[in-house]
Amino acid sequence: MSVTIEDFEEFQFDLINTFILHYQKANKKDKLSLLDGIDESDSTATNHMMEMLYDAIFKYKTNKEAHPEMIKLYNNDEVNVKDYEEVYGLYIDDKLNKVSPSLFSIIIYITEETIENSRWHIINLKSS
């Protein structure tokens with residue numbers, strides 16, 4: 001199956017929107033945007049959301065080939081949380097559905113599966 005540039009661009013847009021929804025849910029704020037709090041006069045300015053997104057993508061990209069187990073999605077009974085520095089849980093309808101050391105892998109999964117926005121949330125299992 002061939003992916004068009006339009007499909008790829010739409011997926012990227014959906015991926016960023018999924019991350020924004022996660023950030024809003026995690027911070028219990030409904031009206032956050034990717035550009036909130038950025039100093040427009042500073043071309044190097046960022047905000048917490050942008051830094052988290054960059055960090056998630058960087059870790060995913062770094063581990064994709066070097067440590068593929070770090071970006072894998074697991075069923076909740078397939079991973080020992082103690083084995084990883086970071087572990088995220090995807091809850092759908094308040095039930096743990098997937099677990100991964102990679103936040104970005106879960107964001108990709110939500111985007112690909114087009115899970116209804118109100119039904120999911122992601123929790124850092126190491127800090128909960």
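The values are calculated or read from the model by the stated rules, or taken from the named source; none is laboratory data. What you see is a predicted model, and the numbers here were worked out from it, not measured in a lab. Cβ atoms come from the backbone with ideal geometry, glycine included; neighbour counts cover every protein chain shown.
Looking across the stretch 28-42 at every residue that is modelled with pLDDT under 85 and exposed (fewer than 11 other Cβ atoms within 10 Å of the Cβ), the one that is farthest from G89 (Cα to Cα) is identified as E40.
Of the listed requirements (1) under 18 Å from I122 (Cα atoms); (2) touching a residue at least 24 places away in the same chain (Cβ under 8 Å); (3) out of contact with any helix residue (DSSP H, G or I) (no Cβ under 8 Å at 6 or more places or on another chain), H22 misses just one: (3). Return yes when K25 is assigned to a helix (DSSP H, G or I), of a type outside the set (F, W, Y) and surrounded by 12 or more Cβ atoms within 10 Å (Cβ to Cβ) and no when it is not. Spelling it out, K25 is indeed assigned to a helix (DSSP H, G or I), of a type outside the set (F, W, Y) and surrounded by 12 or more Cβ atoms within 10 Å (Cβ to Cβ). For the stretch 65-112, a tally of residues being of a type in the set (K, R), in contact (Cβ under 8 Å) with a residue 24 or more places away in the chain and not in a strand (DSSP E or B) returns 1.
Applying the selection to the stretch 33-62, what residues are of a type in the set (A, V, I, L, M) and either in a helix (DSSP H, G or I) or more than 18 Å from T18 (Cβ to Cβ) (or both)?
Of everything in the stretch 33-62, those that are of a type in the set (A, V, I, L, M) and either in a helix (DSSP H, G or I) or more than 18 Å from T18 (Cβ to Cβ) (or both) turn out to be I38, A45, M49, M50, M52, L53, A56, I57.
So, in the stretch 16-73, of the ones that are small (G, A, S) and under 12 Å from the mean Cα position of the chain (by Cα), which residue ends up farthest from F104 (Cα to Cα)?
If we take residues in the stretch 16-73 being small (G, A, S) and under 12 Å from the mean Cα position of the chain (by Cα), then A26 is farthest from F104 (Cα to Cα).
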